[in-house]
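**Student:** For reference, the structure I am asking about is given below.
The values are calculated or read from the model by the stated rules, or taken from the named source; none is laboratory data. A quick note: this is a predicted structure, and the numbers were derived from the prediction, not measured. Positions of Cβ are generated from backbone atoms using ideal geometry, with glycine treated the same way; all protein chains shown enter the neighbour counts. Heads up: the accessible areas ignore ligands, DNA and RNA and are worked out on the full protein's heavy atoms, side chains in. Shrake-Rupley method; radii C 1.70, N 1.55, O 1.52, S 1.80 Å.
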Amino acid sequence: MGQLIAGSLRGQRFGPQNLVLGLAILVLLVLVAYPMLWLILGAFGVPQDLTLDNFQRAFTRAQNYSALANTLQLGFGTGLLSMAFGVSLAWAVARSDMPGRQIIHLLVALSYITPPYLTALAYIILLGPDAGLINRLLRDVFGFSLGPLNIFSMNGVIFVISIHVFAFTYFLTHSALKSIDASLEESAQMLGARRWQTTLRINLPLVAPAITGGVLLSVIDSLALFGPQAIIGMPAQIVFLPTRIYATISSYPPRWGEASALSLVLVAMTVIGLGLQRFFLERRSYVTIGGKGVRSQTIRLGGWRWALLAVCALVVAMSAAAPIGVLTLTAFSKDWIAPLSLSNLTLAHFGTALFSDQVAARGIYNSFRLAAGAAFVAMAVGASIAYLDLRTNLRGRNVLDYLAMLPLGLPGTVMAVGVLLAFIRLPIGVYGTIWILLIAYSARFIPLATRSVSATLRQIDASLEEAGRITGSSWLQSMRRIVVPMARPGLLVAFLLVFIPAFSELSATILLYTGGTETIAIAIYRLNDLGQIEVVCALAVFTIAVVLALSAMVHFLSRDRTAPSEGVG
Amino acid sequence: MAFIDIDGIGKTFGAFQALTDIQLSIEACEFVTFLGPSGCGKTTMLRTIAGFITPDAGTITVEGRVLSQPGAALPPELRQMGMVFQNYAIWPHMSVFENVAFGLRIAHVADAEIKSRVARILEAVGLEGLARRHPGQLSGGQQQRVALARSLVVEPKILLLDEPLSNLDAKLRERMRVELKTLQRRTGITFIYVTHDQAEAMALSDRIVVFNQGRMQQQGSPRDIYEQPANLFVADFMGLVNRVSGEWCGPAQVRIGAHVLDVTSAAAIRIGAVTVAIRPEALLPVTTALEGQNLIEGVVRESVFLGNIVDLCVDIGGVELHVQADRWCTLAAGDPVRLAVEPAECVVMKNE
Ligand SMILES: Nc1ncnc2c1ncn2[C@@H]1O[C@H](COP(=O)(O)OP(=O)(O)O)[C@@H](O)[C@H]1O
Ligand SMILES: [Mg+2]
């Protein structure tokens with residue numbers, strides 16, 4: 001027998017592959033598992049105590065109880081509205097011959113891309129009880145003495161959140177409708193079914209799981225949207241779980257245990273929702289069997305298509321055109337109360353927002369570097385986890401994958417509580433610095449990067465990397481020369497997918513920032529409190545422009561992502 | 001000691017036993033083919049040799065150096081082997097030249113030498129003039145050649161090929177078969193080749209190793225394996241075969257219905273029920289049998305003219321035999337027929 005090879009194996013154990021991937025696992029544990037652990041421990045009173053008091057308080061203290069009730073009401077309301085908006089628009093765009101379908105589709109995407117707290121701000125300008133533009137118009141025309149509409153109400157919150165989250169219902173329903181092959185309907189028609197019978201007996205059962213799944217996703221997202229809940233709910237004294245958690249921690253002294261317990265309640269609601277959503281979407285699988293070459297039937301509406309267009313246009317006008325329009329208009333107005341005229345236009349607010357206002361300028365700078373940092377960390381960790389999951393046989397790799405997806409079920413507020421609890425007592429002193437924001441952002445958006453890189457990696461056959469190995473290159477060389485160059489567009493998409501939400505993040509930031517580490521969202525939030533509406537709008541326009549440009553880039557990159565590998569075995 | 005020694009290799013994936021006790025020696029310059037149905041573990045064995053899979057049992061030794069043992073495997077890049085993947089695995093972000101030059105660049109070969117070596121190998125595989133192309137602009141056959149050039153340019157001692165021809169159309173497959181064989185003879189590289197196509201295996205190999213369900217069934221020259229299959233699986237897999245139930249009725253005789261056949265067998269115990277395997281082309285319609293041949297009488301049930309052969313279905317009293325006669329055979333359904341068959345063509349196997 002020849003010499004044994006144990007020596008070279010030992011070299012492998014500490015080789016670059018294990019170092020790189022091990023580091024990623026460590027970062028994932030520190031960023032996600034460690035804060036979650038503290039969140040749970042904190043809810044039970046650790047380290048001072050071990051008790052269930054916090055849970056008791058979470059359900060019995062009047063403010064907590066009403067927050068819980070309000071949150072449920074919010075979820076119910078947004079669910080109904082999302083279904084109404086999402087399904088009707090999806091049907092109109094996917095199946096009818098309504099004119100302007102592409103534009104409606106784009107505007108729905110736009111309402112989703114716009115950060116929801118900016119939509120909320122826009123609606124304060126539009127529907128504020130005294131000075132709201134629409135209210136003033138209604139008063140002028142109909143002679144009401146006050147109001148008549150008031151955004152600062154439960155219905156107001158439900159409305160503003162719905163016109164953001166209905167996009168989930170829309171997109172899932174739209175893709176389900178698109179994936180029903182016309183032959184399924186034609187078969188029913190050949191058997192004598194009428195149009196409405198086909199819709200009811202064939203289409204509806206096929207897309208019902210997608211609709212349910214989409215509505216659930218809308219509801220889950222609505223529960224977590226701190227921005228509108230705070231910006232509209234707080235002045236109206238309507239408290240929801242995220243704003244209640246915020247209040248509990250901002251009180252003096254902060255009631256950590258109670259906040260953790262409330263967070264767990266919110267997580268439980270989210271997790272139940274996600275579980276249900278998964279259950280419904282798995283039943284949807286038979287819709288997608290049709291695959292790519294699906295030909296879908298278009299329904300001719302005759303004159304009715306204009307009526308349908310009017311309805312769809314109204315919805316997207318409310319969700320995208322009006323809010324973005326009014327923010328833009330206000331940003332360029334000397335005084336937002338004054339009537340629209342050429343003499344009232346100015347660029348001064350942009351000067352203030354981008355350069356002279358200390359907080360705003362610092363916010364922009366911080367948001368850029370935090371978003372870039374978090375995007376890089378999330379992309380690196382996400383890529384490593386996706387690689388571990390798809391290309392190695394490491395035991396427990398699915399646990400890691402699950403851990404990387406976990407933050408999807410964690411509202412930003414909850415993530416922030418976990419991160420605070422976990423890092424406030426570490427001697428490394430990240431609390432009160434920009435690092436704690438980087439930690440929270442990276443943790444929060446790791447799932448987006450992981451999912452995206454995973455999709456990219458699935459398109460790169462493992463044999464391409466193995467061909468590099470057998471041709472003599474080490475793991476690191478194969479990564480550098482083969483996998484990374486091929487995955488580059490996908491990695492860039494992952495980077496952007498994290499950068500975009502991180503750039504305008506509010507719900508975790510609000511709990512974690514301090515003087516000096518304000519972000520753009522904090523600047524907007526605080527200037528709004530100070531009543532500097534025009535500067536707020538200038539910042540808002542800037543934010544939307546950045547987010548929109550990057551989203552367009554993602555769209556562009558994703559579209560021809562498959563191009564380079566075309567024609568390969 | 002042989003060039004490559006595969007000694008007792010076993011591999012499980014979870015609860016699934018993918019390879020069991022693979023025992024094989026391969027000589028230098030040999031062309032060895034792993035043959036078996038899909039899912040039988042051929043690729044797993046090949047990837048274990050390449051170092052992508054660490055075995056659970058057994059060792060792989062090349063030139064006296066242990067490369068794989070349970071729980072430890074020398075990484076692929078240090079094995080100095082080449083591999084051609086089933087999907088070619090051409091890197092789409094590199095030109096043909098860069099694909100082929102990759103291994104040389106990794107080995108820090110000087111630029112000028114890279115240029116000449118790549119040019120030489122591209123010519124050898126018939127790709128001269130395509131160096132600047134990108135993989136997307138190549139046909140399947142050309143990609144195949146790039147994959148070959150890429151693994152050959154670093155002059156490996158062993159080349160592993162995993163179903164390299166399975167993605168090509170039938171005509172091109174035939175041509176590439178010939179080229180592969182020529183290439184192997186000319187370079188003297190040891191080829192370990194995986195396929196599920198028995199015709200391909202026979203055309204190419206010095207030695208065929210038949211796999212089934214993770215176990216080696218038989219190894220030998222194409223002729224051995226075809227003519228003397230070790231079991232019913234191998235007999236079936238290597239081509240059409242009549243499987244006839246019978247019973248030992250003498251030291252070298254088996255009774256099939258009313259007929260008694262002289263047979264060959266490796267079996268030590270010659271009593272009880274057995275199966276006799278007879279290839280359809282070994283059954284010859286005759287008028288008189290030669291000395292020593294078995295003679296079987298029957299009636300033609302069906303006769304189909306296929307061009308190069310005539311396919312007969314012959315009833316020999318309750319049992320139907322598939323016979324491939326030459327194309328001058330004019331027997332029709334209902335005709336009586338006598339079939340002659342050499343005892344060596346009647347291979348007796350245990351019932352399974
Ligand atoms: N990494 C793996 N994990 C689990 N099962 C595997 C893995 N690789 C191969 N197998 C299983 O082992 C068996 C043999 O596979 P393979 O060697 O690819 O067969 P083939 O002879 O077709 O090349 C198959 O049943 C396959 O599903
Ligand atoms: Mg295989």
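**Student:** Out of curiosity, is B:ARG133 farther than 24 Å from B:LYS181 by Cβ and not in a helix (DSSP H, G or I)?
**Tutor:** Values: farther than 24 Å from B:LYS181 by Cβ: yes; not in a helix (DSSP H, G or I): yes.
Criteria met by B:ARG133.
**Student:** So A:ARG397 fits all but one of (1) in contact (Cβ under 8 Å) with a residue 60 or more places away in the chain; (2) open to solvent by 10 Å² or more (accessible area, probe 1.4 Å); what number is the exception?
**Tutor:** It is condition (1) that A:ARG397 fails.
**Student:** Let me ask something else. Of all residues in region B:59-112, how many are charged (D, E, K, R) and within 29 Å of A:PRO489 (Cα to Cα)? Talk me through it step by step, then tell me what you get.
**Tutor:** In the first step, residues of region B:59-112 are kept if they are charged (D, E, K, R); the result is B:63, B:65, B:77, B:79, B:98, B:105, B:111.
Within this subset, residues satisfying the condition of being within 29 Å of A:PRO489 (Cα to Cα) are B:77, B:98, B:105.
The qualifying residues number 3.
Condition check ((1) open to solvent by less than 50 Å² (accessible area, probe 1.4 Å); (2) more than 10 Å from ligand 1 (Cβ to nearest atom); (3) at pLDDT below 95) across all residues:
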| residue | (1), (2), (3) |
| --- | --- |
| B:ILE4 | yes, yes, no |
| B:GLY14 | no, no, yes |
| B:THR20 | yes, yes, no |
| B:VAL32 | yes, yes, no |
| B:PRO37 | yes, no, no |
| B:MET45 | yes, no, no |
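**Student:** Ok, one more. Where in region B:1-85 are there strands (runs of 3 or more DSSP E), lying wholly inside it, with at least 3 residues that are within 16 Å of ligand 2 (Cβ to nearest atom) and under 28 Å from B:THR182 (Cα atoms)? Walk me through it before giving the result.
**Tutor:** On the way: elements: B:4-13, B:16-26, B:31-35, B:57-62, B:65-69, B:81-84.
Strands (runs of 3 or more DSSP E) meeting the threshold: B:31-35.
**Student:** Given the condition within 13 Å of chain B (Cβ to nearest Cβ) and not basic (Lys, Arg), answer yes or no: does some residue in region A:495-503 qualify? Steps first, please.
**Tutor:** To start, the set of residues in region A:495-503 that are within 13 Å of chain B (Cβ to nearest Cβ) comprises none.
No, there is no match, as no residue in region A:495-503 is within 13 Å of chain B (Cβ to nearest Cβ) and not basic (Lys, Arg).
**Student:** Pull up region B:264-287, narrow it to residues that are of a type in the set (Gly, Ala, Ser) and within 24 Å of B:ILE225 (Cα to Cα), then point me to the one that is surrounded by the fewest Cβ atoms within 10 Å (Cβ to Cβ). Break it down into steps so the answer makes sense when it comes.
**Tutor:** To start, the set of residues in region B:264-287 that are of a type in the set (Gly, Ala, Ser) comprises B:265-268, B:272-273, B:277, B:282.
Still in the running and within 24 Å of B:ILE225 (Cα to Cα): B:265-268, B:273, B:277, B:282.
On the way: B:SER265: 18, B:ALA266: 9, B:ALA267: 13, B:ALA268: 5, B:ALA273: 11, B:ALA277: 22, B:ALA282: 20.
Among residues in region B:264-287 that are of a type in the set (Gly, Ala, Ser) and within 24 Å of B:ILE225 (Cα to Cα), the one surrounded by the fewest Cβ atoms within 10 Å (Cβ to Cβ) is B:ALA268.
**Student:** Quick check on region B:83-105: of everything there that is open to solvent by 10 Å² or more (accessible area, probe 1.4 Å) and more than 9 Å from chain A (Cβ to nearest Cβ), which residue is farthest from A:ALA462 (Cα to Cα)?
**Tutor:** Looking at residues that are open to solvent by 10 Å² or more (accessible area, probe 1.4 Å) and more than 9 Å from chain A (Cβ to nearest Cβ), I get B:PHE97.
**Student:** Which one is modelled with the highest pLDDT, of the residues in region A:338-377 that are among the aliphatic types (A, V, I, L, M) and open to solvent by 70 Å² or more (accessible area, probe 1.4 Å)? Steps first, answer last, please.
**Tutor:** Restricting attention to region A:338-377, the residues satisfying the condition of being among the aliphatic types (A, V, I, L, M) are A:338, A:340, A:342, A:345, A:347-348, A:353-354, A:359-361, A:364, A:370-372, A:374-375, A:377.
Retained after the next criterion (residues that are open to solvent by 70 Å² or more (accessible area, probe 1.4 Å)): A:340, A:342, A:345, A:347.
Values: A:LEU340: 71, A:LEU342: 72, A:LEU345: 77, A:LEU347: 81.
For region A:338-377, the residue satisfying everything is A:LEU347.
**Student:** Do you know which residues across region A:486-530 are closer than 25 Å to A:THR248 by Cβ and among the aromatic types (Phe, Trp, Tyr)?
**Tutor:** Across region A:486-530, the qualifying residues are A:TYR513, A:TYR525.
**Student:** Follow-up question, since we're still on this one. Answer with yes or no whether A:SER145 is within 25 Å of A:ILE125 (Cα to Cα), open to solvent by 50 Å² or more (accessible area, probe 1.4 Å) and in the same structural domain as A:LEU127 (by TED's automatic domain parsing). Outline the logic, then answer.
**Tutor:** On the way: within 25 Å of A:ILE125 (Cα to Cα): yes; open to solvent by 50 Å² or more (accessible area, probe 1.4 Å): yes; in the same structural domain as A:LEU127 (by TED's automatic domain parsing): yes.
Yes; evaluated as a whole, the condition is true for this residue.
**Student:** Look at B:LEU261 and say whether it is at pLDDT below 95 and open to solvent by less than 40 Å² (accessible area, probe 1.4 Å).
**Tutor:** Details: at pLDDT below 95: yes; open to solvent by less than 40 Å² (accessible area, probe 1.4 Å): yes.
Yes: the conditions hold for B:LEU261.
**Student:** Just one of (1) open to solvent by less than 40 Å² (accessible area, probe 1.4 Å); (2) under 25 Å from A:SER222 (Cα atoms) trips up A:ASP97, so point out which.
**Tutor:** (2)
**Student:** Name the pairs whose Cβ atoms lie under 7 Å apart, with the first residue in region B:317-333 and open to solvent by 90 Å² or more (accessible area, probe 1.4 Å), the second among the charged types (D, E, K, R), and 6 or more positions between them or separate chains?
**Tutor:** Qualifying pairs under 7 Å: B:GLU320/B:ARG301.
**Student:** May I pose another question? What single numbered condition from (1) over 26 Å from A:ILE544 (Cα atoms); (2) of a type in the set (Lys, Arg); (3) modelled with pLDDT of 85 or more fails to hold for A:ARG139?
**Tutor:** Here A:ARG139 meets the rest and fails (3).
**Student:** As an exercise: evaluate B:LEU180 against (1) surrounded by 20 or more Cβ atoms within 10 Å (Cβ to Cβ); (2) in a loop (DSSP other than H, G, I, E, B); (3) among the aliphatic types (A, V, I, L, M) and give the number of the one condition it does not meet.
**Tutor:** (2)
Yes or no, residue by residue, for (1) open to solvent by less than 50 Å² (accessible area, probe 1.4 Å); (2) farther than 30 Å from A:PHE499 by Cα; (3) in a helix (DSSP H, G or I); (4) among the charged types (D, E, K, R):
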site: A:TYR34; (1), (2), (3), (4): no, no, yes, no
site: A:ILE40; (1), (2), (3), (4): no, no, yes, no
site: A:GLN48; (1), (2), (3), (4): no, yes, no, no
site: A:GLN56; (1), (2), (3), (4): no, yes, yes, no
site: A:TYR65; (1), (2), (3), (4): no, yes, yes, no
site: A:LEU68; (1), (2), (3), (4): yes, yes, yes, no
site: A:LEU74; (1), (2), (3), (4): yes, no, yes, no
site: A:ILE124; (1), (2), (3), (4): yes, no, yes, no
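**Student:** Would you mind finding the one in B:LEU127, B:LEU165, B:LEU104 that is within 16 Å of ligand 2 (Cβ to nearest atom) and free of Cβ contacts under 8 Å to residues at least 60 places away in the same chain?
**Tutor:** Values: B:LEU127 fails: within 16 Å of ligand 2 (Cβ to nearest atom); B:LEU104 fails: within 16 Å of ligand 2 (Cβ to nearest atom).
Residue meeting the stated conditions: B:LEU165.
**Student:** Consider B:ASN167 against the criteria (1) modelled with pLDDT of 90 or more; (2) within 16 Å of ligand 1 (Cβ to nearest atom): it satisfies all of them except one. Which criterion is unmet?
**Tutor:** (1)
**Student:** Residues of region B:86-118 being in contact with a helix residue (DSSP H, G or I) (Cβ under 9 Å, 6 or more places away or on another chain), of a type in the set (Gly, Ala, Ser) and not in a loop (DSSP other than H, G, I, E, B), which ones?
**Tutor:** Answer for region B:86-118, where residues must be in contact with a helix residue (DSSP H, G or I) (Cβ under 9 Å, 6 or more places away or on another chain), of a type in the set (Gly, Ala, Ser) and not in a loop (DSSP other than H, G, I, E, B): B:ALA101, B:GLY103.
**Student:** Considering only strands (runs of 3 or more DSSP E) fully contained in region B:195-276, which possess at least 3 residues that are assigned by TED's automatic domain parsing to the domain that holds B:GLY10? Walk me through it before giving the result.
**Tutor:** Details: elements: B:207-212, B:215-220, B:242-250, B:253-256, B:259-262.
Here the list reads B:207-212, B:215-220.
**Student:** Of the residues B:LEU74, B:LEU67, only one is within 15 Å of B:ILE22 (Cβ to Cβ) and more than 16 Å from ligand 1 (Cβ to nearest atom); which?
**Tutor:** Only one candidate passes the filter, namely B:LEU67.
**Student:** Quick check on B:ARG173: is it out of contact with any helix residue (DSSP H, G or I) (no Cβ under 6 Å at 6 or more places or on another chain), more than 16 Å from ligand 2 (Cβ to nearest atom), at pLDDT below 95 and more than 11 Å from chain A (Cβ to nearest Cβ)?
**Tutor:** yes
**Student:** Pairs only if they're at least six apart or on different chains, beta carbon under 6 angstrom, first in region B:7-19 and closer than 13 Å to A:ASN393 by Cβ, second away from ligand 2 (no atom under 16 Å from the Cβ); list them, first residue then second.
**Tutor:** Correct list of pairs: B:LYS11/B:PRO55; B:LYS11/B:ASP56; B:THR12/B:ASP56.
**Student:** I've got another one for you. Looking at the structure I just gave you, is B:ILE121 within 16 Å of ligand 2 (Cβ to nearest atom), within 29 Å of B:THR182 (Cβ to Cβ) and either assigned to a loop (DSSP other than H, G, I, E, B) or of a type outside the set (D, E, K, R) (or both)?
**Tutor:** Numbers: within 16 Å of ligand 2 (Cβ to nearest atom): no; within 29 Å of B:THR182 (Cβ to Cβ): yes; either assigned to a loop (DSSP other than H, G, I, E, B) or of a type outside the set (D, E, K, R) (or both): yes.
Considered against the rule, which asks whether it is within 16 Å of ligand 2 (Cβ to nearest atom), within 29 Å of B:THR182 (Cβ to Cβ) and either assigned to a loop (DSSP other than H, G, I, E, B) or of a type outside the set (D, E, K, R) (or both), B:ILE121 comes out as no.
**Student:** Further, regarding this structure: Got a number for residues in region B:51-65 being within 7 Å of chain A (Cβ to nearest Cβ) and at pLDDT below 95? Before you say what the answer is, go through the steps one by one.
**Tutor:** Just the residues of region B:51-65 that are within 7 Å of chain A (Cβ to nearest Cβ), to begin with: B:52, B:61, B:64-65.
Those left that are additionally at pLDDT below 95: B:52, B:64-65.
Count: 3.
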